[in-house]
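The values are calculated or read from the model by the stated rules, or taken from the named source; none is laboratory data. Here the structure is a predicted model, which is why all the values come from computation and not from measurement. Note: ideal-geometry Cβ built from the backbone for every residue, glycine included; neighbour counts use all protein chains shown.
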Amino acid sequence: MSSTNTRVWFCSSDTGFGEILARALGSGFAVRTSERLNPAASPQDSSFDVFLIDLRNSDADIDRDLRLLFSDFISTLPCPPPPVVVLLRDTQPALVLKVMEHGAYDTISDPPDMVELRLILRRAHKSRQIETELFQLRSREHSEGRMDRMLGSSLCMQQVFQLAQKIASCDVSVLITGETGTGKELLARAIHRESARAEGPFVGFSCASIPETLVEDELFGHERGAFTGALVARRGRFEAADRGTLFLDEIGDLSFPLQAKLLRVLQERCIERLGSNTSLPINIRLTCATNRNLSEMVKKGEFREDLFYRVNVVHLHLPALRERLDDLPFLAQHFLQTYAQQFGKKARRFSGLALRALEEQPWPGNVRELENAVQRAVVMAEGTTIEVWHLPLSMRNGFDAPQAPLRSYEEEVRDFKRRLIRRTLEENAWCKTETARILGIARNYLHRLISQLQIHPEQSYTATPLLDQPPPTDRVM
């Protein structure tokens, strides 16, 4: 975004209250007020980050006002429209549910607590940024590099993408490592699409949990009569990938005899089908992937050292999702839009609680597990907002049960302050003067907060742009 302020359009029939609220929000917010929902008189969609709508006096006609707001107004705005926060006289569960089902991002009760309102508006602004970035990314997809099909704005992912772009045009072997579900094959396909072999085939094969004889047949093919049941000759994956890319997944599971045969193929650039003595030349680029540590396997004698150096010309490591949680909202929104369009659903965004539940997960299955969870949520959702009860049961623990409330309000605020200050300090190399200037607070007050919140350099993690602040450059997986 071009502005550091969260730009709010506040619609309320109580103009005096609007002026008071604008002053109470303070620095970091640019508020414009309006008396009624009039599409012709409303501000341009691109000029505002959040709509704050006052429905305190709509108890009798709440359904009519909600229809006017979302069906006749919000739905007519250019995509993606800003999220809507609704101010209600009373946040009873039934009323909140009704408002959220119509498509509101969040609600707040009257009189609004300013600290809570600021947090809600900033979270809504963050959601708006994610949707806008995705929309812009998709609009550029056909005119820019196809590496854009992969998503990730975190520093570690940007480093992976930069290296992948650099080596894509060079016909060298690539080894991609990472846990299951991190997107190793997706990255291999992206490299293939960016290479000079893009017009050729991309052939994938998993070496995991397959008997050695079947793996050999799959890779090299066979001649007629090579073994019982071989009634016709069959091409293997090497021949199928000629003039293209062969992707060998879980290469660490390849047996020692097959490792020797693969090494010979890479050296001689030719293969022999099972049951044949004729050498067939091949022209492939080899890309391999594994979730195992091949260096350790070499030391233990479980993987051939000479083959390791052959396949490991360029090494790309994909981090686990828990190591780049800043990318999670962006990835979740991408999957939401993808499956909402595929299934013809109205879902457009996550509620604050649903996104919080996703951020609290350990994600052992990484991006693949996140994709499956969002897909399930889109199927279950009927309105425009994904709520926490649309997520898989295992992800709702402590988020939808009254007997297991979330952390206290004070704990939430304290945690938010700690993360915000620590991130800003890291982005500015722990320069407290610059950090205080960016946060808009006195340097002495910053020192006091650092002491109270127990923020130390050793607690830091890789600095990435806050989504509440404009990123220095555009990203992306």
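F220 - would you say it is closer than 23 Å to Q165 by Cα, surrounded by 14 or more Cβ atoms within 10 Å (Cβ to Cβ) and touching a Leu at 6+ places or on another chain (Cβ under 9 Å)?
no
Identify the residue in segment 266-282 that is over 40 Å from the mean Cα position of the chain (by Cα) and not in a loop (DSSP other than H, G, I, E, B) and, among all such residues, is nearest to F227 (Cα to Cα).
Once the filter is applied, the top-ranked residue is L274.
Against the definition (of a type outside the set (G, A, S), at pLDDT 90 or above and either under 17 Å from S127 (Cα atoms) or in contact with a Ser or Thr (Cβ under 7 Å, 6 or more places away or on another chain) (or both)), how does L331 come out, yes or no?
Against the criterion (of a type outside the set (G, A, S), at pLDDT 90 or above and either under 17 Å from S127 (Cα atoms) or in contact with a Ser or Thr (Cβ under 7 Å, 6 or more places away or on another chain) (or both)), L331 qualifies.
Among the residues of segment 292-304, write down those that are in contact (Cβ under 8 Å) with a residue 40 or more places away in the chain and either assigned to a helix (DSSP H, G or I) or in the same structural domain as L358 (by TED's automatic domain parsing) (or both).
Once the filter is applied, which keeps residues that are in contact (Cβ under 8 Å) with a residue 40 or more places away in the chain and either assigned to a helix (DSSP H, G or I) or in the same structural domain as L358 (by TED's automatic domain parsing) (or both), segment 292-304 yields L294, M297.
Just give me the residues in segment 148-169 being modelled with pLDDT of 85 or more and of a type in the set (A, V, I, L, M, F, W, C), in sequence order.
Across segment 148-169, the qualifying residues are L155, C156, M157, V160, F161, L163, A164, I167, A168.
Please work out if R285 is touching a residue at least 24 places away in the same chain (Cβ under 8 Å), assigned to a loop (DSSP other than H, G, I, E, B) and under 36 Å from the mean Cα position of the chain (by Cα).
Criteria not met by R285.
Does L328 count as within 19 Å of I176 (Cα to Cα) and of a type in the set (A, V, I, L, M, F, W, C)?
Taking the combined requirement at face value, the residue does not satisfy it.
Residues that are surrounded by fewer than 14 Cβ atoms within 10 Å (Cβ to Cβ), over 22 Å from H192 (Cα atoms) and small (G, A, S): does segment 230-245 have at least one?
No, because not a single residue in segment 230-245 is surrounded by fewer than 14 Cβ atoms within 10 Å (Cβ to Cβ), over 22 Å from H192 (Cα atoms) and small (G, A, S).
Would you mind telling me which numbered condition in (1) under 30 Å from F202 (Cβ atoms); (2) at pLDDT below 80; (3) assigned to a helix (DSSP H, G or I) H142 fails?
(3)
Looking for whichever is buried (at least 22 other Cβ atoms within 10 Å of the Cβ) and at pLDDT 80 or above here; the options are I53, I74. Which one fits?
I53
Do any residues in segment 227-249 that are touching a residue at least 12 places away in the same chain (Cβ under 8 Å) have Cβ atoms under 7 Å from those of residues that are hydroxyl-bearing (S, T, Y), where the two are at least six apart or on different chains, and which pairs are they?
These pairs meet every condition: T245/T287; F247/T287; D249/S206.
Report yes if Q159 is under 26 Å from L134 (Cα atoms), in contact with an Asp or Glu (Cβ under 8 Å, 6 or more places away or on another chain), surrounded by fewer than 19 Cβ atoms within 10 Å (Cβ to Cβ) and assigned by TED's automatic domain parsing to the domain that holds V314, otherwise no.
No, not satisfied.
Checking the condition assigned to a helix (DSSP H, G or I), under 27 Å from D249 (Cα atoms) and in contact (Cβ under 8 Å) with a residue 60 or more places away in the chain, which residue from L331, L316, L355, L307 passes?
L331
Just checking, which of S209, S276 is closer than 27 Å to T182 by Cβ, among the hydroxyl-bearing types (S, T, Y), in contact (Cβ under 8 Å) with a residue 40 or more places away in the chain and out of contact with any strand residue (DSSP E or B) (no Cβ under 6 Å at 6 or more places or on another chain)?
Every option except S209 fails the conditions.
For segment 240-294, which positions are among the hydrophobic types (A, V, I, L, M, F, W, C) and within 28 Å of N366 (Cα to Cα)?
Matches in segment 240-294: L246, F247, L248, I251, L254, L286, C288, A289, L294.
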